[in-house]
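Asks: The structure's right below; bear with me while I get my questions together.
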Amino acid sequence: MPVTAPTAVPVTVPVTVPTAVPVTVPVTVPTAAPAVAGGRSLSALHKRLFRAPSQDSSEQHAVGVGPAVSERSAMRVLFTIFPTSAHLYPAIPLAWALQSAGHEVVVASPEGVVDPKVIENITSAGLTAVSLGGKEELTASLAPLMAGAGPNRPTLALDPADENAWRQARAVLAGMFHAYYPPEPADGGRRPVLDTLVEFARDWRPDLVLWDPLAPTGAVAARACGAAHARLLFGMDNIGLIRSRTRQELADPSSGVTEDPWMSWLGPVLERYGLDFAEETLVGQWTLDLTQSRMRDPLDLTYVPVRRVPYNGAATLPPWLHSRPERPRAVLTLGVSRRLLAGRHSGFPMREFFDSVSGLELELVATLNSEQLTAVGTLPDNVRAIEYVPLNQVLPTSSAIIHHGGGGTFAAAVAFTVPQLVVPLPMWDEMVTARYVARRGAGLAADPAALDADTVRKDLLRLIEEPSFQLGARGLHADMLAAPAPKDVVPVLERLTAEHRG
């Protein structure tokens, strides 16, 4: 698929609609090809968002690009983030793009209990943070969830091979919503986090609220202040899929389901602010989708695709990364969120794997915290352990990566065309990611239930030595470039906000 051109040329962009029939939309672009994927009405959405280019070549321009910021009113944009850095980082490039286009941007989040640095990480990215507080209350309400962390805990993962996984995930989500957005105290006082968010939104009056799928309070705040609002996905649209199947259940008398399972939490929230239920409270007025187009589920929702630009935090480049390595470099990471939530329960045979690669002509960079280092003991000479290094610093000089299947790590590997060995630790869409990487020839998927160090070592050597995996990685990279960059989506957001703002 052609993704760039030196001059304005017609480019055909394949877009998937709910019937899973590929639809091609011809657009004219000067460099890259932005696209919009529609659910209910692709052609109508396309006509509404994108101006048709003039036949006069002097009038041709990037599709979706609106007037310069000096010719329009700047928007106020409020991001609401689930309080972990793994959910913050995917939003930062779009926040930068909006801010660079002249819009006011703030990022709101509860104080992190699982991830205490989330507010600090907002400001270190050059963005304005709004702390929603709630640390004391969330510490208490999250205690039962944290106590259940471990290898056998229920998760939000949707496995296509398991027809009932979505029902389990729905139940887990209900518990999470109750825990992360606790009810008002028995004495009828303030509702932690939620009241602060709604009050801020009513005072600051954003034009647009972009909210994390695990923070539907953003939709509540938007509706309470009359702002347009949309979800910003961090991975596969599990909630969209769960809502679709839940609505099918509710419409089917034989299912036995007569009440919406999530209304026990959402009903009192809406009533508190004088709002009626609307499906957009759970799925947004539209959805910004950072996943690769070939990974998306065919749901009857409106999606605006956005290229996922990897951001993993800011840090000083360490001296050992100033030059290219003398031997092939591989990276092993199980992800920050997994480390915080699962601790030693990753299921990865760390000590045995380090021993198995000790005699190989390669350098292994492993991200390990102090607890993990203590557990594995002395490291071989060719293993470099470091608590944290941004992936966009180490992957440009790496030949392979072993990881857990998290969206941020997958996106970084794609951006730097690094072959991947995915050892999925199911929490959201890791199983889907692992199979997708293998299907596209960009890497291998390991079976986490039958994991042994010798197999991991052999798979790692295949990634480094067999050139077919590099070709597959380039294919994923081309798909990434085919999605519109964050800056190209800004005019689309301006137009949708004007249409939906109350």
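Asks: Need one value: the accessible area of ASP297 in square angstrom, 1.4 angstrom probe, rounded to the nearest 10.
Replies: 60
Asks: For segment 182-293, rounded, prolate or oblate, judged on the Cα gyration tensor with a ≥ b ≥ c (square roots of eigenvalues), a/c < 1.5 rounded, else prolate if a/b > b/c?
Replies: oblate
Asks: Which FRET efficiency value, to the nearest 0.05, do you get for GLU184 and GLU352 by plugging their Cβ-Cβ distance into 1/(1 + (r/R0)^6) with R0 = 45 Å?
Replies: 0.35
Asks: Let me ask something else. Round to a whole number: what % of the accessible area of segment 79-199 belongs to carbon and sulfur, probe 1.4 Å?
Replies: The C+S portion of the solvent-accessible surface of segment 79-199 is 54 percent.
Asks: Under a 1.4 Å probe, what is the accessible area of segment 76-220 per residue, stated in Å²?
Replies: Heavy-atom accessible area per residue stands at 39 Å².
Asks: With unit charges on the beta carbons (Lys and Arg positive, Asp and Glu negative) and the dipole taken about the Cα centre of segment 214-323, which residue among PRO261, GLY313, LEU299 sits farthest to the positive side?
Replies: GLY313
Asks: Here's another thing I want to ask about it. Contour minus end-to-end for ASP260 and HIS322, with contour as 0.36 nm per residue of separation and end-to-end as the Cα-Cα distance?
Replies: 16.8 nm
Asks: Which order do you get for ARG272, ARG170 if you rank them by accessible area with a 1.4 Å probe, largest at the top?
Replies: Correct descending sequence by accessible area is ARG272, ARG170.
Asks: Still on this model: Once fully extended, how much extra length lies between TYR273 and ASN392, figured as 0.36 nm per residue of separation less the alpha-carbon to alpha-carbon distance?
Replies: The TYR273-ASN392 span can extend by a further 38.6 nm.
Asks: While we're on this one: What does the highest-first list of 455-463, 259-267 look like by mean Cβ count within 10 Å?
Replies: 455-463, 259-267
Asks: Using a Förster radius of 35 Å, what is the FRET efficiency between ARG501 and ALA251 based on their Cβ-Cβ separation? Nearest 0.05, please.
Replies: Computed FRET efficiency for ARG501 and ALA251 comes out at 0.65.
Asks: Going toward the positive end of the dipole of segment 426-502, with +1 on Lys and Arg Cβ and -1 on Asp and Glu Cβ, which of ALA498, VAL456, PRO484 do you reach last?
Replies: ALA498
Asks: Using 0.36 nm per residue, how much length does the chain from SER370 to LEU471 gain when fully extended, once their Cα-Cα distance is taken away?
Replies: Gain in length upon complete extension: 32.7 nm.
Asks: Oh, and also: Over segment 406-502, give the accessible area per residue in Å² for a 1.4 Å probe, as an integer.
Replies: For segment 406-502, the per-residue accessible area is 36 Å².
Asks: What is the dipole size for segment 266-423, taken about its Cα centre, with +1 at each Lys and Arg Cβ and -1 at each Asp and Glu Cβ, in debye to the nearest 20?
Replies: Using Cβ point charges on Lys, Arg, Asp and Glu, segment 266-423 gives about 400 debye.
Asks: Right, something else. Using the Karplus curve 6.51 cos²θ - 1.76 cosθ + 1.60 with θ = phi - 60°, what ³J(HN,Hα) values do you get for each residue of segment 420-435, in whole Hz, with x for Gly and Pro?
Replies: Karplus-based 3J(HN,Hα) across segment 420-435 equals 10, 10, 9, 10, x, 10, x, 9, 9, 10, 5, 5, 5, 4, 4, 5 Hz.
Asks: Just the number, please: carbon plus sulfur as a percent of the accessible area of segment 373-472, 1.4 Å probe, no ligands or DNA/RNA counted.
Replies: With neighbouring chains kept in place, the figure for segment 373-472 is 53 percent.
Asks: Could I ask something else about it? Size of the dipole of segment 81-231 about the Cα centre, Lys and Arg at +1 and Asp and Glu at -1 on the beta carbon, nothing else charged, in debye to 20?
Replies: 180
Asks: If I ignore ligands, DNA and RNA and count only protein heavy atoms, how much of GLU352 is accessible to a 1.4 Å probe, in Å² to the nearest 10?
Replies: Solvent-accessible area, nearest 10 Å²: 100 Å².
Asks: Shifting gears a bit: Based on the Cβ-Cβ distance from THR455 to ALA385, what FRET efficiency comes out when R0 is 22 Å, to the nearest 0.05?
Replies: Here the calculated transfer efficiency is 0.50.
Asks: Return the long-range amide H neighbours of ALA366 (sequence gap of 5 or more, or a different chain), with a cut-off of under 5 Å between placed amide H atoms.
Replies: Here the answer is LEU332, ARG384, ALA385, ILE386, since their amide H atoms fall under 5 Å of that of ALA366.
Asks: Quick check: pseudo-label points 7 Å beyond the Cα along Cα→Cβ at ALA315 and ASP447, how many nm apart are they?
Replies: Result for the modelled spin labels: 3.5 nm.
The values are calculated or read from the model by the stated rules, or taken from the named source; none is laboratory data. Model, not experiment: these values are computed from the prediction. Note that we place each Cβ from the backbone using ideal geometry, even for glycine, and neighbour counts take in every protein chain shown. Quick note on the areas: whole protein, heavy atoms, side chains included, nothing else; ligands and nucleic acids left out. Shrake-Rupley method; radii C 1.70, N 1.55, O 1.52, S 1.80 Å.
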